[in-house]
Amino acid sequence: MTSQVRGAQLARLLGQWHSLPGRRRSPDYAALAAAVRGLLADGRLPLGVRLPAERELAQALRISRTTVTAAYRQLRESGHLASRRGAGSWTMLPGTHRVTSSGLWTPLDDLDMIDLGVAALSAPPQLLSAARAATEDLPRYLGGAGYHPTGIVELREAVAEAYTARGLPTSADQIMVTSGTQHALDLVLRLALAPGASVLVESPTYPNALAALAARRARITTHGLALDGAGWDAELLLGSIRQGRPKLAYLIPDFQNPTGHLMPADLRERVVAAAHAAGTDLVVDESFVDLPLDATPVPPAVASFDRHSRVISIGGMSKPYWGGLRIGWVRASAPQVQRLAAARVGVDMSSPVLDQLVAVHLLAEAPAIVADRRAQLTAQRDALLGALASRLPDWRVCVPRGGVTLWAELDGPISSALARAAEEVGVRLAPGPRFGLDGTLERFLRLPFTLPAADLVEAVDRIAAVRYGLDRAARPQWREPAVIA
Ligand SMILES: Cc1ncc(COP(=O)(O)O)c(C=O)c1O
């Protein structure tokens, strides 16, 4: 299915394309092509969308058709557009670019960019030996067809044991292995949520969860987290569940992304009780549960307060181990797991056996790997906090006691403008509004501490240098694809 953007709509998105700074040197058609490239690269114009016919766009922009023809030709030459006579022109991703996990475009050769848009660590050194050991195990599986919709038993057992060790008795038939936590969320939403149903989420929250909810056309309401203290306002959160009676609530109680907040035990218990009374299903994202810092004790799992199969927990290997493994899971009741497996067969059948075996070997070494990760993250977090305190002392941050990100309150509603300016000096930022609805949260910025300390300090230096420039110069509204945040 191809969607189409009309001339008037594209003209609105293009805004003041003809009067942007630096424009005098380039002819109209080149400026128009560059403006369309800018919209594509920051995601406002999706891939695979049909652009208006040349005549329609020319009318909407009040320019000559020759200018639009030349701009479309240039976009075709740069790989941003494909055209077929009689059928129209579609937006495309040029072969020189890739889409990052934050949804933004970046050039393939974008090597010296410090990427603070992604909150994930590089692989631990144990990954290679785990992969080698996994290939040794593989022959045991080669006699079968290799499809295991709920996951291979060894991995389900290992994940179940980890839950049991956390104080939440779990059997292997309560676990379904997925291709990452995001996949787990998508599957759960397919099963639990009719299109248009109401969902409560934290604000700010994980942007790809918002995307998964948008794909289900969920009606989203938010619970605002405070920067300081516990983050959640207990009475407000419980009130939203009791009075709003959402069909589902998606929460990240363990070192929340992006704020790093940790939900206290008593609130976990009360949320489960309120959800049960309101008929709300709870989806609890435990992506960061293994990453407490400063020896912070982690409260019992939310599901440990559940007596009625209201809580579905999701988690995965990406944060403590490696995102490239694409291994996640769902913990639910055994019948729910079977229903999820049935739904998943129509999506991707099952997860790769070899990757699951790698995960089994990594989980066997969990204590050593996770201890290293925590030490690394503590040092990197402290380096980032130190750099912020010395270079951007007007920003307010709450020290996260776990996870991989901190949430900063800026000295003005400048997050998107700052992200655009930072791109110019080689730092990619995910601005605050990406973590909420409707473009709010412009006063906030998420900063992950997953890169080496030296990179974090360098990034803060560069951000500080452009931050003070923002007050002096109005920023243009778009950028070349190479520098979009
Ligand atoms: C809260 C949260 N959930 C899910 C994910 C996605 O994880 P995965 O790579 O396992 O799909 C992330 C990744 O950043 C996350 O922060």
- At 222 nm, what helix-only mean residue ellipticity would the chain give, in deg cm²/dmol to the nearest 500, using -39500 (n - 2.57) for each DSSP H run of four or more? -12500 deg cm²/dmol
- Message: For a quick check of your reading of the filter: which trypsin sites (Lys or Arg not before Pro) in the stretch 279-363 sit in a DSSP loop and have no more than 10 other Cβ atoms within 10 Å?
- Response: ARG307
- Normalised contact order of the chain, rounded percent, pairs of Cα under 8 Å and 6 or more residues apart: 18
- Query: Can you sort HIS261, HIS97 so the residue with the fewest Cβ neighbours within 10 Å comes first?
  - Reply: HIS97, HIS261
- To the nearest 10 degrees, the tilt of helix 28-41 (Cα long axis) against the first principal axis of the alpha carbons of the chain is 10
- Note on the structure: With Cα coordinates, the longest principal axis of the chain makes an angle with the long axis of helix 353-364, in degrees rounded to 10, of 60
- Message: What whole-number distance in Å separates the alpha-carbon centres of the stretch 273-339 and the stretch 137-187?
- Response: 14
- Among 293-303, 274-284, how do they line up from the highest to the lowest mean number of other beta-carbon atoms within 10 Å? 274-284, 293-303
- Query: How high is the relative contact order of the stretch 28-85, in percent, counting Cα pairs under 8 Å that sit 6 or more residues apart?
  - Reply: 41
- Message: For a test of the definition: using alpha carbon positions, the gyration tensor, and the 1.5 limit on a/c, classify the chain as rounded, prolate or oblate.
- Response: prolate
- Item | Likely footprinting exposure, ASP455, ASP115, fewest C-beta neighbours within 10 Å first | ASP455, ASP115
- If you rank ILE252, ILE152 by fewest surrounding Cβ atoms within 10 Å, what's the result? ILE152, ILE252
- Angle, helix 181-192 long axis vs. longest principal axis of the chain, Cα atoms, 0 to 90°, nearest 10? 80
- Message: Let me check against my output: what whole-number percent is the relative contact order of the stretch 104-258, with C-alpha pairs under 8 Å and at least 6 apart?
- Response: 17
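Read-outs: derived from the displayed coordinates by stated rules, not from any lab. Just so it is clear, the structure is predicted and the values come from calculations on it, not from any experiment. So basically every Cβ, Gly included, is an ideal-geometry build from the backbone, and we count neighbours across all protein chains shown.
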